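Heads up: the structure comes next, in structure tokens.
The values are calculated or read from the model by the stated rules, or taken from the named source; none is laboratory data. All values derive from a computational prediction rather than experimental measurement. Cβ sites come from the backbone with ideal geometry, for glycine too, and all protein chains shown count toward neighbours. For accessibility, only protein heavy atoms count, side chains too; no ligands or nucleic acids. Shrake-Rupley method; radii C 1.70, N 1.55, O 1.52, S 1.80 Å.
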Amino acid sequence: MEILSLLGDGMLVAIQPLNLMLILVGVTLGLFIGAMPGLGSVNGVAILLPVTFLVPPGSAIIFLAAIYYGAMYGGAISSITLGIPGASTAVATTFDGRPLAMMGKARLALVAAAVGSFVGGTVSNILFTGFAPLLATVALSFGPPEIFALMLLAFATFVGLGGDDIAKTVFSICFGLVLATVGFDQISGAPRLVLFDLNGFLGGISFLVLAIGVYGIGEMLWTIESTRGEITKTDADISARGILEDVGESARKGWKGMSIGSFLGFFVGVLPAAGATPASLMSYAITKMSSRRPEEFGKGHVGGVAAPEAGNNSASTGSMLPMLTLGIPGSPTTAILLGGMVIWGLTPGPRLFVDQADFVWGLIGSFYVSNAFALLVNLSFIPLFIWVLRMPFTTLAPLIFVLSVVGGYAAMQDMFDIWLLLVFGFGAFFLRKFDYPLAPAVLAIVLGPIAEPTLRQSLLLSSGDPMIFFSRPISAPIMVVAIILIVMPAFKYLRPRRKRAAR
């Protein structure tokens, strides 16, 4: 009852006229910031941070948190309409969102993304409100062995993302892991795989550049090749009644993905080493593995849109928890928010809930209000987003190319990234022609930089003894489940061969 009372007080703070206006402006700005390839919540919050010095500290953090919320919603827009991930957190949404759009079901995909985001945000807000101190303690108990075990569990789901050809899937995973090792070694500092002594490789390969190249340029080339240059466009109804019908269909067909993404995303978001991108990818993979018809994923399944969107929104709230309770940012965006709080004289940590209770509960109350506003704003702009799809592809193709190049350049403002983007785009096109799955490679380059250092740190702690992963109470069960999931596809692959050999 005390928590409900505090939450009620926080809601009253959130709906004050100034805060309410800032929430509405923040989620709207965040929606379009998230939809622009190359921007995302990190750049949006960083760019608008100086503006917040015009308002009180509590209102300032509410405004920035609203931008964060809106950007999580907005990342799916360009993923669905153009096939270009607005941010790394929306890459998994592209897997099924873009096929749905090409089937004339862009409205359903956009609604599913909005509903999934809302459900993920609501569940994570409830978990945040009720279990903040407990979950912060659990997050502290995750050391390198536990985080590596969690990453191995994510890798174990990769085989299910690649279809029936296990050999091609393993090749795709290994290729992604190789790309993830390019640049300076995180532990020793030595340069690795710096091809042709090009300095551009020293900083590693940007995941955003890879994602835009594969799903922007690569998708554009594939569409041009498959349509043979014909003028094509995607039709979609934009009536309000149709949008409301799709809300029900999204909930009916995507409830499992939303449930998985909401709970898994929040837990992964709480871990300081993870974040919204791994959460969305893992939510997609596990939803596909648990589906009765996994073969429909990647071809336009509503659950394939709802799951990652629920996952990344839930993780964004989860990443706030270690920032507020421990002073440890759970994502790059929350690191910027942490810096803003310090500037405003607010000290994150356990004492924050006691010394600045009005601020904390006002912020938590704003999570609920921002989540509701983001849903309404997103649904209201769906007709505008679908208008893009009504353009002929001969018009869309140059637009996609320009947005891809601008998005790839915007992150680091380095021309080397543009050349990499084009290489990845053409490479993805040819790999797709030879039926190599792209999703496992993309997922591997996301989790590789997390898995490798935690593996090496764990082995350093145990003097090279791998049993450290099986002797700790949290990492051991995760490792066992991961190993089972890795072995299961091998049995499925070998069973038909045994039957043929018996004949």
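The set of residues from region 400-418 being out of contact with any helix residue (DSSP H, G or I) (no Cβ under 8 Å at 6 or more places or on another chain) and either farther than 26 Å from ASN199 by Cα or in a helix (DSSP H, G or I) (or both) comprises VAL402, VAL406, MET412. Scanning region 163-195 for residues that are outside any helix (DSSP H, G or I), touching a helix residue (DSSP H, G or I) at 6+ places or on another chain (Cβ under 9 Å), of a type in the set (A, V, I, L, M, F, W, C) and open to solvent by less than 70 Å² (accessible area, probe 1.4 Å) yields VAL182, VAL194.
Taking region 1-114 and the helices (runs of 4 or more DSSP H) fully enclosed by it, the elements with 3 or more residues that are open to solvent by less than 10 Å² (accessible area, probe 1.4 Å) are at 17-35, 40-48, 57-81, 91-102. A search for C-beta distances below 8 Å between a residue of region 372-389 that is closer than 14 Å to ILE23 by Cβ and any residue that is open to solvent by less than 10 Å² (accessible area, probe 1.4 Å) and among the β-branched types (Val, Ile, Thr), counting only pairs 6+ apart in sequence or on different chains, returns PHE373/ILE23; PHE373/VAL27; ALA374/VAL27; VAL377/VAL27. Checked against the criteria, THR395 counts as part of a helix (DSSP H, G or I), without any contact (Cβ under 8 Å) to a residue 60 or more places away in the chain and hydroxyl-bearing (Ser, Thr, Tyr).
Within region 365-420, the set of residues being in contact with a Leu (Cβ under 7 Å, 6 or more places away or on another chain) and among the hydroxyl-bearing types (Ser, Thr, Tyr) comprises SER404 only. When region 433-470 is limited to residues that are touching a residue at least 24 places away in the same chain (Cβ under 8 Å) and of a type in the set (Asp, Glu), the one that is surrounded by the most Cβ atoms within 10 Å (Cβ to Cβ) turns out to be GLU452.
Looking across ILE260, ILE238, ILE217, ILE224, one residue alone is at pLDDT below 85 and either open to solvent by less than 40 Å² (accessible area, probe 1.4 Å) or part of a helix (DSSP H, G or I) (or both). It is ILE224.
Given the condition out of contact with any helix residue (DSSP H, G or I) (no Cβ under 9 Å at 6 or more places or on another chain), closer than 30 Å to VAL342 by Cβ and small (Gly, Ala, Ser), answer yes or no: does some residue in region 128-145 qualify? Within region 128-145 (the criterion being out of contact with any helix residue (DSSP H, G or I) (no Cβ under 9 Å at 6 or more places or on another chain), closer than 30 Å to VAL342 by Cβ and small (Gly, Ala, Ser)), the answer is yes, since at least one residue qualifies.
Residues to consider are PHE424, PHE430; find the one that is open to solvent by 40 Å² or more (accessible area, probe 1.4 Å) and of a type in the set (Phe, Trp, Tyr).
None of the other options fit; the residue is PHE430.
Are there any pairs with C-beta distances below 6 angstrom linking a residue in region 471-489 that is within 13 Å of MET151 (Cα to Cα) to a residue that is open to solvent by 30 Å² or more (accessible area, probe 1.4 Å) and part of a helix (DSSP H, G or I), with the two at least 6 apart or on different chains, and if so which? What qualifies is ILE478/LEU153; ALA482/LEU152; ALA482/LEU153.
Please count how many residues of region 429-486 are at positive phi and under 23 Å from the mean Cα position of the chain (by Cα). Adding up the residues that qualify gives 0. Only one of the listed residues (PHE118, PHE32) is within 19 Å of SER366 (Cα to Cα) and among the aromatic types (Phe, Trp, Tyr). That residue is PHE118. Where helices (runs of 4 or more DSSP H) fall wholly inside region 314-382, the ranges with 2 or more residues that are open to solvent by 10 Å² or more (accessible area, probe 1.4 Å) and under 24 Å from ALA90 (Cβ atoms) are 332-343.
If the condition is being outside any helix (DSSP H, G or I), more than 24 Å from PHE207 (Cα to Cα) and charged (D, E, K, R), then region 263-300 contributes ARG292, ARG293.
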